[in-house]
Amino acid sequence: MSPLQNCIKNKDTTKKPIWIMRQAGRYLPEFREIRKKNPDFIKLCLNSNLSSEITLQPLKRFDFDAAIIFSDILMIPLGLGQSVNFKKNFGPELGEMDFEKLKNITTNEFVEKLSPVYETIKKTASSNLLKQKDLFGFVGAPWTLLVYIINRKSPKNKLVDHFFSDKELLIYILKELVKFTKIHIKKQIDSGATIIQIFDSWAGLLNKNDYEEYIYRPTQELVKFVKSQNVPVVCFPRGIKNYSEFCKAVNPNVISIDYNVKPQDILDSVDIPIQGGLDPKILLTNPETIKKESKKYLDVFKDHPYIFNLGHGILPETKPENVDYLVKFVKNYY
Ligand code: CP3
């Protein structure tokens, strides 16, 4: 059994598997090289040969325990007919969603549009670099996708003013998102993903009294669905006020924490395997600081099933040498 599955299923605490969010990305010169020749990010995500190569790039350098498929959470709005562009120094920019068109989109049309993503997973899953390792498929949580669909760009700290003006429409979109996200998850698993992560990057933007309707209920539906496929599911509700309440309501196999969560607090409040936490900024420093800060997580989670990761995606300005140092340090710690 792979170290990750052993940690999750057998609650093994003797080894701490490690991978890093956004590990296939701009901090790697070999990624930037491909990216330079492929200025259209969405087209790159739909190029399964290159996407598979990018997915495996970090595993050629570092002894990570998992790869995560090179794709994006915004492939779902794209599959539902919304235009998605990535602009330099701005981030994602989405067109208006045509809600009439959304009503008529069939499963086949959706799957056809995203078929290169599944092709990427098939090509990647059989690689020798993944022997005894996992391949993460992923989706955005319905709430975070709703944020992008309505806000049409990254919200930074705040949603557009009219965000909640048509609640009935929001609830309708959430329902459609749950339906199509299940299809996307199923196709990823059938193509070779051995674990699924649900990214709720904008969970922190909601008021507590809206959690039930916009976060807990739709996410729980997805969690149940992944579990029904006999694949473990990791949830990352970034910035949520109360992680233990989230775990009780949603019941994932693993909870991934952001860098504002104190390791001891989460250890005291949940009993499922835990992932992540280290502030990505720590990787911009030096080996000594990296050692000191990552040790805090390794010590607190010594007797708890723990998957080493960051509290959000790795920053593009990170030196690959620092990642190398971190991976070796974590692997040799116990
Ligand atoms: O290595 C991996 O983690 C796998 C691939 C992955 C990407 N995006 C590739 C990517 C994953 C898991 C994502 C998830 C994703 N995408 C999230 C959830 C995680 C998070 O960061 O909160 C979100 C919110 C998105 C939407 C998105 N895509 C944003 C906000 C951006 C940044 C835009 C920018 O200009 O920095 C992206 C782009 C993106 N997705 C990149 C990568 C490697 C950078 C693209 C580039 O080269 O310019």
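The values are calculated or read from the model by the stated rules, or taken from the named source; none is laboratory data. Since this is a predicted model, take the numbers as computed values, not measurements. Every residue, glycine as well, gets a Cβ built from its backbone with ideal geometry; the counts of neighbours run over all protein chains shown. Side chains are part of the model used for accessible areas, which takes the heavy atoms of the whole protein and leaves out ligands, DNA and RNA. Shrake-Rupley method; radii C 1.70, N 1.55, O 1.52, S 1.80 Å.
Tell me, which longest segment in the chain has none of the GluC sites (Glu not before Pro) that fall in DSSP loops with at most 16 further Cβ atoms within 10 Å?
The reported range is 97-316.
So between Asn89 and Asp63, what do we pick up on full extension, going 0.36 nm a residue minus the alpha carbon distance? Working shown, then result.
Numbers: separation 26, 0.36 × 26 = 9.36 nm, distance 3.12 nm.
Working it through step by step, the gained length comes to 6.2 nm.
Calculate, in nm to one decimal, what Thr13 and Lys328 gain on full extension: separation in residues at 0.36 nm each, minus their alpha carbon distance. Walk me through the numbers on the way to the answer.
Details: separation 315, 0.36 × 315 = 113.40 nm, distance 1.77 nm.
Taking Thr13 through Lys328 to full extension adds about 111.6 nm, to one decimal.
Compute the length gained on full extension between Val160 and Asn260: take 0.36 nm times their separation in residues and subtract their Cα-Cα distance, giving the result in nm to one decimal. Let's see the in-between values first.
On the way: separation 100, 0.36 × 100 = 36.00 nm, distance 2.52 nm.
Separation in residues times 0.36 nm, less the Cα-Cα distance, equals 33.5 nm.
Efficiency by 1/(1 + (r/R0)^6): what FRET value for Glu321 and Lys241, r their Cβ-Cβ distance, R0 = 30 Å, to the nearest 0.05?
Working: r = 36 Å, r/R0 = 1.21.
Efficiency, from the Cβ-Cβ distance: 0.25.
Testing the spin-label approximation: label points 7 Å from Cα along Cα→Cβ at Lys113 and Ser126. State their distance in nm.
Result for the modelled spin labels: 2.9 nm.
Give the share of C-alpha pairs in each 10 angstrom bin for the range 122-237, from 0 to the last occupied bin, in whole percents, shortest bins first.
Bin by bin from 0 Å, the calculated values are 13, 43, 28, 13, 3, 0.
Would you mind telling me which residue in Gln275, Gln220, Gln188 has the biggest mean-square fluctuation in a Gaussian network model of the chain, where springs connect alpha carbons within a distance under 10 angstrom?
Gln220
Summing +1 for each Lys or Arg and -1 for each Asp or Glu, what net charge is found among the other residues whose Cβ lies under 9 Å from the Cβ of Gly140?
On the way: positive: none; negative: Asp72, Asp200.
Neighbourhood net charge equals -2.
Taking Cα centroids, how far is the range 47-109 from the range 218-261 in Å?
A separation of 21 Å, based on Cα centres.
Under 15 Å from the Cα of Lys227, which aspartates and glutamates turn up, not counting those fewer than eight places away in the same chain?
Asp190
Keeping all protein chains in place and using 1.4 angstrom, which order do His304, His162 fall into by accessible surface area, from largest down?
Working: His304 20, His162 105 Å².
Listed by decreasing accessible area, they come as His162, His304.
With the cut-off at 18 Å, tell me which of the pairs Lys9/Lys295; Lys60/Lys331; Lys291/Lys328; Lys292/Lys331 have Cα atoms farther apart than that. Could the numbers behind the result be given before it?
Values: Lys9/Lys295 24 Å; Lys60/Lys331 16 Å; Lys291/Lys328 10 Å; Lys292/Lys331 15 Å.
With Cα atoms farther than 18 Å apart: Lys9/Lys295.
Could you tell me which chymotrypsin sites (Phe, Trp or Tyr not before Pro) in the range 88-148 are loop residues by DSSP with no more than 12 other beta carbons within 10 angstrom of their beta carbon?
Details: sites: Phe90, Phe99, Phe110, Tyr118, Phe136, Phe138, Trp143, Tyr148; in loops: Phe90.
Here the chymotrypsin sites (Phe, Trp or Tyr not before Pro) that fit, given the DSSP loop and packing criteria, are Phe90.
Determine, from the Cβ-Cβ distance of Glu213 and Asp40 and an R0 of 25 Å, the FRET efficiency 1/(1 + (r/R0)^6), rounded to the nearest 0.05.
On the way: r = 36 Å, r/R0 = 1.44.
Efficiency, rounded to the nearest 0.05: 0.10.
More than 39 Å apart: what percent of Cα pairs in the chain qualify?
Numbers: 4334 of 55611 pairs.
Of the Cα pairs, 8 percent sit more than 39 Å apart.
Carbon-plus-sulfur fraction of the accessible area of the range 226-334, 1.4 Å probe, in percent? Each step should come with its number before you reach the end.
Details: 2270 of 4730 Å².
That share works out to 48 percent.
About the Cα centre of the chain, what is the dipole size in debye to 20, counting +1 per Lys and Arg Cβ and -1 per Asp and Glu Cβ, all else neutral?
Values: 49 positive and 39 negative charges, 143 e Å.
Result for the chain is approximately 680 debye, rounded to the nearest 20.
Within 10 Å of each candidate Cβ there may be at most 16 other Cβ atoms; applying that plus a DSSP loop requirement, which trypsin sites (Lys or Arg not before Pro) in the range 67-145 survive? Numbers along the way, then the final one.
Values: sites: Lys87, Lys88, Lys101, Lys103, Lys113, Lys122, Lys123, Lys131, Lys133; in loops: Lys88, Lys131, Lys133.
For trypsin sites (Lys or Arg not before Pro) across the range 67-145 that sit outside H, G, I, E and B with at most 16 neighbouring Cβ atoms in 10 Å, the list reads Lys88, Lys131.
What is the local net charge at Leu174, summed over the other residues whose Cβ is closer than 14 Å to its Cβ (Lys, Arg +1; Asp, Glu -1)? Mind dumping the intermediate values first?
Values: positive: Lys167, Lys175, Lys179, Lys182, Arg217; negative: Asp166, Glu168, Glu176, Asp200, Asp210, Glu212, Glu213, Glu221.
Net charge around Leu174: -3.
Using helices alone, what [θ] at 222 nm do you get for the chain, with -39,500 (n - 2.57) per DSSP H run of 4 or more residues, divided over all residues and rounded to the nearest 500? Mind showing how you got there, number by number?
Details: 15 runs with 152 residues, N = 334.
The per-residue figure over the chain is -13500 deg cm²/dmol.
What does the charge count around Lys248 come to, taking other residues whose C-beta lies under 13 Å from its C-beta (Lys +1, Arg +1, Asp -1, Glu -1)?
Local net charge: -3.
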